[in-house]
Amino acid sequence: LGVITLPAGFSLLADFGSTLLIPGQSTDFVVQLDAAAAADYAGVVSFNSNDANENPYDFGVLGTVSVVVPPDPPAEIWIIDDGDAGYAETAGWTTYGKAGTQGDFGYKVVGSGAETASWTLSGLQPGEYRVSVTWQEYSNRTVDAPYTVLDGTDALETVTMDQRVAPADFVEDGVLWQDVGSYQIAGDSLSVILSDAGNPAGSYVIADAVRLERLGDPIPGPEVEVAISGVGVADGTGSVDFGSTLVGAPLSQTITVSNAGTEDLVLGVITLPAGFSLLADFGSTLLIPGQSTDFVVQLDAAAAA
């Protein structure tokens, strides 16, 4: 036996054990795919000998080298069903045990908004969380079930759901879910509160399950949150109802601004529409993370309109 030649990407770990083989004798050699870099490798291994009709003796080799990609860490997902630890309800709710997540859900005739069902998860790390809810749809459900998301005790936003139609954002483990939104949580607990406020009169509000998913660490920077009496007012889509009054009897609302971010929040000038005036400006225009301030807006009631 003669010299072994190898293609690029392969090396000889062990040469022939013997280069002289008597009839019936064998020997080995060892070839290595080096795996020094990610690529597809191929070529011909050959060696010469005194075999008249197989000189040189050659055969193909091939192999693929890939970069090891670590698996994504498992998603941090929590599902709190009615009746689970973290769920609470006031008087007036009834459990229906023939449908819903884990086979049941709570229900109640719509009322004043004083009765609530709540789902709370504690021991969280600050970060961004996706909040989703589910319910059993039916024609006698409320058209505007109000879900309020809280960072600790601070209300971030209230989103209404039409419970006459099924949740439609995604399906997981056979459950239909509707996203409420994604929220920056600065504290260590996140709550979702569903009140019995709703329309039309005589319809039912359904309390079933809440799904929470951690999306990542807090986004660096300041983060504005606005609320009135603990109820969040969404940027762009939120509104504040001052109600009705008589000419000469103005109404006012105190609006709270909080910094839920990781850096200082600098507040600027407040602008108001016609018919409203500023009774009190920001108490402070510089809010450190976690700090809040108020301003007061008045419906002037100077004329009927």
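Between the beta carbons of Val224 and Ala274, assuming R0 = 25 Å, the FRET efficiency works out to 0.55 to the nearest 0.05. Summarising the overall dimensions of segment 260-305 from its C-alpha atoms, the Rg and Dmax are 14.0, 45 angstrom. Taken about its Cα centre, segment 180-305 carries a charge dipole of roughly 260 debye when the Cβ of each Lys and Arg holds +1 and the Cβ of each Asp and Glu holds -1. For the chain, a simple Cβ point-charge model (Lys and Arg +1, Asp and Glu -1, everything else neutral) yields a dipole of about 560 debye relative to the Cα centre.
Between Trp78 and Thr254, the simple spin-label model (points 7 angstrom out along Cα→Cβ) gives 3.1 nm.
How big is D, in µm² s⁻¹, for segment 61-200 by Stokes-Einstein at 20 °C and 1.002 mPa s if Rh is the Kirkwood radius over C-alpha pairs? Value of D from the Cα-based Kirkwood radius: 128 µm²/s. So, with +1 on the Cβ of K and R and -1 on the Cβ of D and E, and no other charges, what is the size of the charge dipole of segment 48-164 about its Cα centre, to the nearest 20 debye? Dipole magnitude for segment 48-164 comes out near 560 debye. Taken over the alpha carbons of the chain as equal point scatterers, the Debye sum produces base-10 log I(q)/I(0) values at 0.10, 0.11, 0.12 Å⁻¹ of -0.69, -0.78, -0.89. Spin-label model, Thr90 to Glu137: label points 7 Å out along the Cα-to-beta-carbon direction sit 2.9 nm apart. Normalised by residue number, the volume inside the convex hull of the Cα atoms of segment 182-305 is 145 Å³ per residue. Shape analysis of segment 224-278 yields a ratio of the Cα radius of gyration to the Kirkwood radius, Rg/Rh, of 1.01. Put simply, the amide H of Val233, placed in the peptide plane, has neighbours under 5 Å in Val226, Ala227, Ile228, leaving out anything fewer than 5 places away on its chain.
Protein heavy-atom accessible surface, 1.4 Å probe, per residue over the chain: 55 Å².
Counted over all Cα-Cα pairs of segment 10-98, pairs farther apart than 20 Å make up 66 percent. With θ taken as phi - 60° and the Karplus curve 6.51 cos²θ - 1.76 cosθ + 1.60 applied, the whole-hertz 3J(HN,Hα) list for segment 2-11 is x, 8, 8, 10, 10, x, 4, x, 10, 9 Hz, x standing for glycine and proline. The share of accessible area on segment 218-305 that comes from carbon and sulfur is 56 percent, using a 1.4 angstrom probe. Taking 0.36 nm per residue of sequence separation and removing the Cα-Cα distance, the Thr19/Asp241 pair yields an extension gain of 70.3 nm.
For segment 222-227, 3J(HN,Hα) computed residue by residue from phi via the Karplus equation (6.51, -1.76, 1.60; θ = phi - 60°) reads x, 9, 7, 10, 10, 8 Hz, glycine and proline entered as x.
Taking the charge dipole of segment 1-122 about its Cα centre, with +1 at Lys and Arg Cβ atoms and -1 at Asp and Glu Cβ atoms, the residue from Leu33, Thr19, Gly111 reaching farthest to the positive side is Gly111. The shape of segment 150-238 can be summarised by an equivalent ellipsoid whose semi-axes, obtained from the alpha carbon gyration tensor, come to 24, 19, 12 Å from longest to shortest. Mind giving me the FRET efficiency for Ser26 and Asp51? R0 is 22 Å, r the Cβ-Cβ distance, nearest 0.05 is fine. Once the sixth-power term is evaluated, E becomes 0.95. Residues in segment 297-305 carry Karplus couplings, in order, of 10, 10, 7, 5, 6, 6, 8, 5, 5 Hz; the curve used is 6.51 cos²θ - 1.76 cosθ + 1.60 with θ = phi - 60°, and Gly or Pro positions show x.
The values are calculated or read from the model by the stated rules, or taken from the named source; none is laboratory data. All of these numbers come straight from a predicted model, not from anything done at the bench. Every residue, glycine as well, gets a Cβ built from its backbone with ideal geometry; the counts of neighbours run over all protein chains shown. All accessible areas refer to the heavy atoms of the entire protein, side chains included, with ligands and DNA or RNA removed. Shrake-Rupley method; radii C 1.70, N 1.55, O 1.52, S 1.80 Å.
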